[in-house]
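Presented below is the structure to which this report refers.
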Amino acid sequence: MPPEGQGGLSIPVIVAGAGIGGLTAALALASKGFRVTVLERAERLAEVGAGLQLSPNASRILIALGLQHHLAGRVITPGGISVMSARAGREIGRIPLGAPAARRYGAPYWIVHRADLQAALLARVHDTPAITLRLGAAFAGVRDSTGGVVVDHHDNGALRQDEGVALIGADGVWSSVRGTVAPEAQARFSGRIAWRGTVETAHLPAGTGRDRVQLWLGPNAHLVAYPISGGERFNVVAIANGDWHGEGWDANAERNDIENEFRLARWPDAARALVGSVESWRRWALFAVDADGPWTRGRVALLGDAAHAMLPFVAQGAGMAIEDAAVLAACLGDGGDVAAALTRYASQRRARVARVQRTAWQTGRIYHLRGLMAQARDAAIGVIGGDRLLARQDWIYRWQAN
């Protein structure tokens, strides 16, 4: 049961960050009977990025939290993943998704625009009286109190305090809360750059499969494309090795940038046409946070990218944050000492998340092979076949919160 505070009302859990992880955590905590206050530094929510792949380990949690109705008509259930070889210029394997994957895992594999998922989460939050969302509230510090923690935040220029039973830092890869838990745990540049853009589906090149994910594997780079926004648009992401010298982690990009740095002239016509159909690009530096670092300090805990930002090569960044939210709520909902519950949460999550993080690094290296190693990879994909390639993801996709 949630801890009791003044006047017989439970003291809220305070969540810093109203991204996908933070809003999912708020809903999961509210489902366990907690009051929740979400502090978000932005004055309005505008989710960055474009598309997300949500495998069954994540979609089943969102369905249990009542998101399916809000996402109706906005999610895509792709028929499969076409693995394309830039070296061979053709498909070398197809991983089945759609109905076969839903039967195998008991939940669907979804593709969704980030903005659509955030809108669905917000709709559920607004429908949940136990959750208070405060925009324009920037986290400024936390200290212990007799009832739990006191969280300082800036609100319209004024410094305000909220008391909570715990503070959950779900404030992303550049987390401010992480500085209070593990000041030495810094996000590090991975040496990879992602170019992201979208195109109206009607403007895609002829022959582009509209009902599945395309994964192009090339030398030192790869390309991913899939439908979003209910099929109205396509998300295109090109990832290659590169340097980053900017102050931020994303910037506008010109088509010449991707053509030169992605070395597009070496790619097959179909891949070049797909990239050429994109209207505008943004360039993102990919940063990571080591999952083996500290996740908790007393009644403060980290969640999602704040604890373990990872490379996108197994499409599990959002999925791991959603899983974190479910486990965190379950541990706190079991009652008892709050700090001990947060420690249990971290211990239950750390090994799995670290394995996923390592798998993402390894997958990126495989995607970017060149020469004879790329030729061997392509041959192996053909021999293994789509069903067995999907089965290799069982340990990720079958996961369920206890």
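The values are calculated or read from the model by the stated rules, or taken from the named source; none is laboratory data. Remember, it's a predicted structure, so these values are computed and weren't measured experimentally. No Cβ is skipped: glycine too gets one built from the backbone with ideal geometry, and neighbour counts run over all protein chains shown.
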Legend entry - Lone qualifier among 346, 351, 340, 376 - being aliphatic (A, V, I, L, M), over 19 Å from residue 30 (Cα atoms), touching a Phe, Trp or Tyr at 6+ places or on another chain (Cβ under 7 Å) and in a helix (DSSP H, G or I): 346
Legend entry - Odd one out for residue 282, checked against (1) among the charged types (D, E, K, R); (2) within 20 Å of the chain's Cα centre (by Cα); (3) surrounded by fewer than 24 Cβ atoms within 10 Å (Cβ to Cβ); (4) at pLDDT 95 or above: (4)
Inset, instruction - For residues that are basic (Lys, Arg) and in contact with a Ser or Thr (Cβ under 8 Å, 6 or more places away or on another chain), scanning just the stretch 192-230, find the one that is modelled with the highest pLDDT. - result: 212
Legend entry - Top-ranked residue in the stretch 44-65 [being in contact with a strand residue (DSSP E or B) (Cβ under 9 Å, 6 or more places away or on another chain) and farther than 24 Å from residue 398 by Cβ; ranked as surrounded by the fewest Cβ atoms within 10 Å (Cβ to Cβ)]: 44
Inset, instruction - Being among the hydrophobic types (A, V, I, L, M, F, W, C) and closer than 14 Å to residue 197 by Cβ is the filter; apply it to the stretch 226-240 and report the residue that is surrounded by the fewest Cβ atoms within 10 Å (Cβ to Cβ). - result: 237
Legend entry - Inter-residue pairs, beta-carbon under 7 Å, first among the β-branched types (Val, Ile, Thr) and in the stretch 349-361, second in a helix (DSSP H, G or I) and buried (at least 17 other Cβ atoms within 10 Å of the Cβ), 6+ apart: 353/308; 353/320; 356/314; 356/320; 356/396; 359/314
Inset, instruction - Go through the stretch 36-59 and give me each residue that's β-branched (Val, Ile, Thr) and modelled with pLDDT of 95 or more. - result: 36, 37, 38
Inset, instruction - Kindly indicate whether residue 85 is surrounded by 15 or more Cβ atoms within 10 Å (Cβ to Cβ) and more than 20 Å from residue 316 (Cβ to Cβ). - result: yes
Inset, instruction - Hand me the list of strands (runs of 3 or more DSSP E) wholly inside the stretch 118-216 holding 3 or more residues that are out of contact with any Phe, Trp or Tyr (no Cβ under 9 Å at 6 or more places or on another chain). - result: 131-135, 137-145, 148-155, 158-164
Inset, instruction - Check residue 68 against each of (1) of a type outside the set (Gly, Ala, Ser); (2) in contact (Cβ under 8 Å) with a residue 12 or more places away in the chain; (3) closer than 30 Å to residue 395 by Cβ and name the one condition it does not meet. - result: (2)
Inset, instruction - Read through the list (1) within 13 Å of residue 39 (Cα to Cα); (2) touching a helix residue (DSSP H, G or I) at 6+ places or on another chain (Cβ under 6 Å), then give the number of the only condition that residue 160 fails. - result: (2)
Legend entry - Single residue of 7, 33 found to be assigned to a loop (DSSP other than H, G, I, E, B) and either at pLDDT 95 or above or not aliphatic (A, V, I, L, M) (or both): 33
Inset, instruction - Might you check whether a residue that is acidic (Asp, Glu) and in contact with a helix residue (DSSP H, G or I) (Cβ under 9 Å, 6 or more places away or on another chain) occurs anywhere in the stretch 42-54? - result: yes
Inset, instruction - Of all residues in the stretch 285-299, count the ones that are over 15 Å from the mean Cα position of the chain (by Cα), outside any loop (DSSP other than H, G, I, E, B) and either closer than 21 Å to residue 352 by Cα or not hydrophobic (A, V, I, L, M, F, W, C) (or both). - result: 2
Legend entry - Residue within the stretch 360-381 that is surrounded by 18 or more Cβ atoms within 10 Å (Cβ to Cβ) and either of a type in the set (Phe, Trp, Tyr) or at positive phi (or both) present: yes
Inset, instruction - Within the stretch 210-224, track down each residue that is more than 14 Å from residue 96 (Cα to Cα) and not polar (S, T, N, Q). - result: 210, 216, 217, 218, 219, 221, 222, 223, 224
